[in-house]
Structure formats: structure tokens, C-alpha cells
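Below you'll find the structure, written out as C-alpha cells, and then a few comments.
The values are calculated or read from the model by the stated rules, or taken from the named source; none is laboratory data. This structure is a prediction, so every number in the text was calculated from the model and none was measured. Backbone-built Cβ (ideal geometry, glycine too); neighbour counts: all protein chains shown.
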Amino acid sequence: MTQQISPTKQRILSEALTLFAVKGYEPVTVAAIAEAVGIKAPSLYKHYKSKRDIFDAILTEMKTRYQRQAASMQMNGTDAARDTPLFADIGEESLIEMSKGLFLYFLHDDFACKFRKMLTVEQYQNAGLSALYTKQYFDDPIDYQSMLFGLLGKTDTLVAENARIMALQFYAPVFLLLTLCDRHPNREEEALRLIEQHVRQFARLYQGERS
């Protein structure tokens, strides 16, 4: 069971992430975070020992939120082997709704949005956060989908093509549309239509004998 954090600690995370998303990670001080929360810096240190400690807690919160969202969709979201039976039996309409649901989660969840904005800003200034950006938004999703498509190919749900290329073909348009809507929120409806068309075309191209 996920351990719940106190309202004060949660507010510290929220205010810190808001500042990081606007100013970047490096320029923000612990004093600035404490001021945003409405407490003194010594009081903040009772909850988190450093700015890095706050950042690490933000990472944990991000993972917890995603796990909660994935669980609400009856999927694991990080272990492709555990999710293979789900996707082996899923219909096209359900896959479209799941794809849209995850897209809308990442687009509208305030915590996820600010986290993505922070890493987008910091990728050009902080090598560590640049590496985290790559892991979060490229390596991890591509690795997960590569394994998933490879396993589905073995069940004849999908054709047995190069699974990593399939992952790139499936994931890249969705992430591109996410970044588009970050800049132009008014294009969300267009993005959702394109995601539906994208999933349908992907299914036509790669559906296997069991599909």
C-alpha cells in the first residue's frame, strides 16, 4: 500500500514543482519554496532535508500518480509481461479509449504537466535532468512498448515485426501531439481525433491472426 504523505509535505511538493516549472530547478531556492508554502525555511527542513530531497519526493509522487492511473485502467503500465494478456484480448475501440485516456491524463494532470514543463526547460541546462527527460519520455516508454509488441508478436496478436520500430511508430505521434497541446491547448480535440485515426491505422498495419 502506498504511504500517504502529510498535507504540508504535499503542499511543499506542489509549490516546489510549480516554481521549478516556471523558473527551472537550479534557480529555485529552499527559501523561495518555503515562502511559496507560507512557512519559514527552518520549518520546511523538518519535512525535507534539502531541495534534492524535495525533488526526489516529486519523482516518487509522479510514479505513484501514474501507477494509480494505470491501475484505474486495469493495467500495470511498467511491466509489459504483466500487461500482455490485457492487450492480447483488447478490442480496437477499447484500445482507442485507453490511448485517449492516457493522453488526457498526461495532458491534464497538473502534477504531470508541471513535471514535463520543468524537464523541458531544464534539459538544456542540467545534464542530470536532461538524462531524466530522456528516460522519462523516451527510453522507458519505448522499452515498455518494445517488449509489449514483441510479446504480442509471439501470441500472433500482432505480426512479428521489429518491435522497437513498432514502438517508435506507435509512441512518437502520441508524444508529438502531447507537446503540441502543451503549446496550443485549443488543439486538443484535433489531437484526440488524430490519436483515434493513428490507433486504427496501426491496428490495420500490424494486426495478427488472432486480431
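Key figures
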item	result
Filter result (of a type outside the set (Gly, Ala, Ser) and free of Cβ contacts under 8 Å to residues at least 24 places away in the same chain) within the stretch 84-98	Pro85, Leu86, Asp89, Ile90, Glu93, Glu97
Entirely in the stretch 76-161, the helices (runs of 4 or more DSSP H) that have 1 or more residues that are of a type in the set (S, T, N, Q), surrounded by 15 or more Cβ atoms within 10 Å (Cβ to Cβ) and not assigned by TED's automatic domain parsing to the domain that holds Arg65	80-89, 92-108, 110-122, 140-154
Output for the stretch 31-44, where each listed residue is over 18 Å from Lys114 (Cα atoms) and surrounded by fewer than 21 Cβ atoms within 10 Å (Cβ to Cβ)	Ala31, Ala34, Glu35, Gly38, Ile39, Lys40, Ala41, Pro42, Ser43
Odd one out for Ala71 among (1) among the hydrophobic types (A, V, I, L, M, F, W, C); (2) farther than 29 Å from Arg193 by Cβ; (3) surrounded by fewer than 13 Cβ atoms within 10 Å (Cβ to Cβ)	(2)
Yes/no for Leu17 being under 16 Å from the mean Cα position of the chain (by Cα), outside the structural domain of Thr157 (by TED's automatic domain parsing) and either crowded, with 16+ Cβ neighbours inside 10 Å or at pLDDT 95 or above (or both)	yes
Qualifying helices (runs of 4 or more DSSP H) (wholly inside the stretch 1-65; at least 3 residues being touching a residue at least 60 places away in the same chain (Cβ under 8 Å) and not charged (D, E, K, R))	7-23
Every pair of residues 6+ apart whose Cβ atoms lie under 6 Å, when the first sits in the stretch 179-200 and is modelled with pLDDT of 95 or more while the second is crowded, with 16+ Cβ neighbours inside 10 Å and among the polar types (S, T, N, Q)	Ile195/Ser99; Val199/Ser99
